[in-house]
Every structure is written in structure tokens, then in C-alpha cells.
Amino acid sequence: MAKPPKLTRMAQEIEDHLSAVRQILRRPAEAEFARGNLTAAQRTVMQALFHAGGLSLKELSQRVGLAHSTVSGIVDRLEKRGLARRRPDPADGRASLILVSKAVRDYMREAYPAMILYPVTAALRRAKPAERAAILEGLRTLRRVVEAAP
């Protein structure tokens, strides 16, 4: 069997490194989500609500790709835990908007970003100044050439 070309081997090594780094960077968030005992579907609903700033049940069902009745049950369980809330839709008094709770919104705005950046910040503290510069320059270069691809 023929050896893959040098660029293919290099591309595979880069992908392997990026995959390993992504996995390390996700660990704090995954640990935090595990502590919250949220199912994957509940996390998906919470993320959709947080990023949208509030959705109707119909919009939320469409956004997460789950049946209306399934999403309704998920929202009921999140409400009972104080993670989500419903309020009348100002645009349509017959409907309600589903939002994340204030505690969740505050956490996602204040604590979550620092937690997500912690692995990179800690690694940069351990690196020498020249290594920090090389890491940043390498990533900038990779991004520039990847974005320039046709």
C-alpha cells in the first residue's frame, strides 16, 4: 500500500492535534453539565433558549428538532428545577415565551466564559513567552490560510 503524500500526513496530524485540543477545552464544560444532571435534550433546549433569548414552544421545538410534546415535557422539568420560566408573549397575549431563569442567564454571562477559557489560560501561564507567541502566530496563520480556501 502506498504511503499518503506528505501534505496529507501533515493535515492528518494537524487534525489530530486540533481534535485533542478541542477535547481538552470541552472538559470543564462537560464536567459542569454533568454536575447539573441535565440530559442531552435538556442541554440542547437550554442552549437554544439562552442563545435566542426566549422562544415560543413551537419555535423551540423547531429549533431543537424535537416533537412539541417532547419539548413541552422537557420545559416542564426545567421549570420545576428553576432553570427555565414561562412568561406571556408581549407580541401575542395568547402565547407564552420560554426563557432561561435569571440564575442561568447570570451564570452563562459571568462564570461560564471564564470556565471555558481556563484550560487555555492555564496552559499559557505554563508556556514561556516565546511559546505563547508561537502558539498565537501558528493559530493565526492556520486560520488565515483555511479561511482563504476556495
Task: Amide H partners (placed H, <5 Å) of LEU97, local residues excluded - done: ARG87, ASP89
Task: Which of ILE14, ILE74 is most accessible, then next, and so on - probe 1.4 Å - done: ILE14, ILE74
Task: C-alpha long axis of helix 6-35 to longest principal axis of the chain, angle in ° - done: 40
Task: Between helix 129-147 and the chain: long-axis angle, C-alpha atoms, 0 to 90°, nearest 10 - done: 70
TODO: Per DSSP H run of at least 4 residues, take -39500 (n - 2.57); add these up for the chain, divide by its residues and hand me the 222 nm value, nearest 500 deg cm²/dmol.
DONE: -24500 deg cm²/dmol
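The values are calculated or read from the model by the stated rules, or taken from the named source; none is laboratory data. Please read all numbers here as calculations on a predicted model, not as lab measurements. Accessible surface is based on the protein model in full, side chains and every heavy atom, while ligands, DNA and RNA are left aside. Shrake-Rupley method; radii C 1.70, N 1.55, O 1.52, S 1.80 Å.
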